[in-house]
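Shown next, in structure tokens, is the structure this report addresses.
Nothing in this text is a laboratory measurement; each read-out follows from the coordinates by a stated rule. Just so it is clear, the model here is predicted, and its values are computed rather than measured. No Cβ is skipped: glycine too gets one built from the backbone with ideal geometry, and neighbour counts run over all protein chains shown.
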Amino acid sequence: MAAQEEFFTGIPKIPYVPSAGAGDVMCFKHYHAEEVLMGKTMEDWLRFSVCYWHSFCGTGADPFGSPTLHRPWNEGTPMEAAKLRLRAAFEFFTKLGVKYYTFHDRDMAPEGSTLEESNRNLDEITDLALELQSQTGIKVLWVTCNLFAHPRYMNGAATNPDCHVLAYAGAQVKKGLDVAKKLGAENFVFWGGREGFLSIYNTDVAAELKHMANFFKMAVQYKEKIGLKCQFLIEPKPKEPCKHQYDYDAMSVIGFLKHYGLESHFKLNIEPNHTTLAGHSYEHDVVMASAFGMLGSVDSNTGSPDLGWDTDQFPMDIRNTTLVMKTIVEQGGLQPGGLNFDAKVRRESTDLEDLFIAHIGAMDAFARGLRHAIRIIEDGLITGMVKERYSSFSHGIGQKVEEGSATLEEMEAFITQKGEPKVTSGKQEKYESIFNHYI
Ligand code: XLS
Ligand code: CA
Ligand code: CA
């Protein structure tokens, strides 16, 4: 296949057609990139990104079945296919109208038989990526290193009981940071795929956590040394592939970062699909991370909470997208992070156009979420009700508690004087009804 050939033939640049009918799925009905809402364009609020691994490397294979997705870019030697894949990906980003992409080192270029060979492969493919980036203006939202697929990492990378493996992971991250710098990546993600354990009998958790923290310190040091400006992100996930992963959820990661004095160097990349695997609701970790000023970016896919595993589906639920966007708008945006579709079409969605349909549907779902969130915020009804609910902390003893200057003796004196507090309704159903009014 010639390098300049089109892969998505017959598919034009996806237009915005707000009047399109229900059956028109190859256009945006809600996402209007340049439209300004609350002082920012939709494009800037949403900062959409397409992931490389699922959309361009995914085959549809699952533990029970062979590949179902036969892509035209999987031709020739692994290096030839890597170049075709990259060209196909940039054609896709451009036609979709998305400004960012994300990738793992090993899905962009094949792993060689030595570190040197892997690095050479990466150099060659990222030269082409740089060229395509400057031709199209498309940028890297984040890079990450795949520290979980190769057999050497079966017992972990930064938490491996063997320092030889940890050193390999360190060498790989060093190159990953060089690549991030070369391509101008705005973020760098650490997802602790096998940083956890399968059996507590053979595991020294205290040692492993300390090694992981020291590993992150090496990454921070190298980042500073090479003058890499991007934001570091940790992506929590409670399980899969490990039975227990250390980066269980937002609060576990925040606790870990604070314990090891790393909190000023990292933020969180929240994937709500992982949040639901941890037993929380979809928006939970987005809200928790944001509350601590630690929400850096979002992998905006979804799971099927009725299942116990990671399904990486495209987000299509407007309630979820509204709640996430409400949090993002309230914190003033996500930049330099974004909304990355770490999502894969189902193995049964075998047409090339399904890749477009999936992304368009998800982008429209988030655009609707953004529009709803802005209405909720601008109306101020829910915010006002919540403010009123906590109003006892704005004066008197409440204000002292708020400021951290109150004592238990003062609590006792207050109760002695005021007696029993009166019962106040939580009004949950009222909030739910009002929320539903907006979506
Ligand atoms: C896996 C994770 C992974 C990270 C990047 O469940 O979501 O894809 O986002 O390594
Ligand atoms: Ca992810
Ligand atoms: Ca996932």
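Computed over every Cα-Cα pair of the range 1-88 and binned at 5 Å starting from 0, the pair-distance distribution P(r) comes out as 3, 11, 14, 16, 16, 15, 13, 8, 4, 1 percent.
In the chain, the alpha-carbon atoms span a convex hull of 182 Å³ per residue. The D127 and E353 beta-carbon pair, evaluated with R₀ = 30 Å, returns a calculated FRET efficiency of approximately 0.45. In angstrom, the C-alpha Rg and Dmax of the range 44-140 are 14.0, 42.
Potential lengthening of the chain between A413 and Q135 amounts to 93.0 nm, from the contour at 0.36 nm per residue minus the alpha-carbon distance. Counted residue by residue at 0.36 nm each, then reduced by the alpha carbon distance between them, the extension gain from S391 to A167 reaches 75.3 nm.
Projecting the Cα atoms of T136, A157, T102 onto the dipole axis of the range 79-237, where Lys and Arg carry +1 and Asp and Glu carry -1 at the beta carbon, places T136 farthest toward the positive end. Calculated mean residue ellipticity at 222 nm for the chain: -14500 deg cm²/dmol, from DSSP H runs with n ≥ 4 weighted as -39500 (n - 2.57), summed, divided by the residue count and rounded to 500. Modelled label positions at E35 and S304, each set 7 Å beyond Cα in the direction of Cβ, lie 3.2 nm from each other. Legend: distances between Cα atoms for K83/K139; K223/K326; K95/K181; pairs beyond 22 Å are K223/K326; K95/K181.
At q = 0.20, 0.21 Å⁻¹ the log10 of I(q)/I(0) for the range 282-439 amounts to -1.29, -1.36, computed by Debye summation with a single uniform scatterer per C-alpha, solvent ignored. Charge dipole (Cα centre; +1 on Lys/Arg Cβ, -1 on Asp/Glu Cβ; no other charges) of the chain amounts to roughly 540 debye.
The alpha carbon radius of gyration of the range 111-160, expressed as a multiple of 2.2 N^0.38 Å, is 1.46. Placing +1 on the Cβ of every Lys and Arg and -1 on the Cβ of every Asp and Glu, with no other charges, gives the range 49-131 a dipole of roughly 440 debye about its Cα centre. Just so you know, the Rg over Rh for the range 351-439 is 1.27, from Cα atoms, with Rh as the Kirkwood radius. Note on S113/Y222: beta-carbon distance plugged into 1/(1 + (r/R0)^6) with R0 of 41 Å gives a FRET efficiency of 0.95. The GNM of the chain, with springs linking C-alpha atoms under 10 angstrom apart, assigns the highest mean-square fluctuation among P421, P15, P336 to P421.
Each of K422 and L381 was given a label point 7 Å from its Cα along the Cα-to-Cβ line. The distance between the two points is 2.5 nm. This ranking places S300, S19 by how few other beta-carbon atoms lie within 10 Å of each, fewest first, which gives S19, S300. Using equal-weight Cα scatterers in the Debye expression, the normalised intensity of the range 53-97 in log10 at q = 0.21 Å⁻¹ is -0.74. Among residues other than E75 with Cβ under 12 Å from its Cβ, the summed charge is +2 (Lys and Arg +1, Asp and Glu -1). Taking the alpha-carbon distance from K225 and a cut-off under 15 Å, which aspartates and glutamates remain once sequence neighbours fewer than 8 residues away in the same chain are dropped? Correct list for K225: D178.
Rounded to the nearest 0.05, the FRET efficiency derived from the C-beta distance between K400 and R346 at R0 = 41 Å is 0.15.
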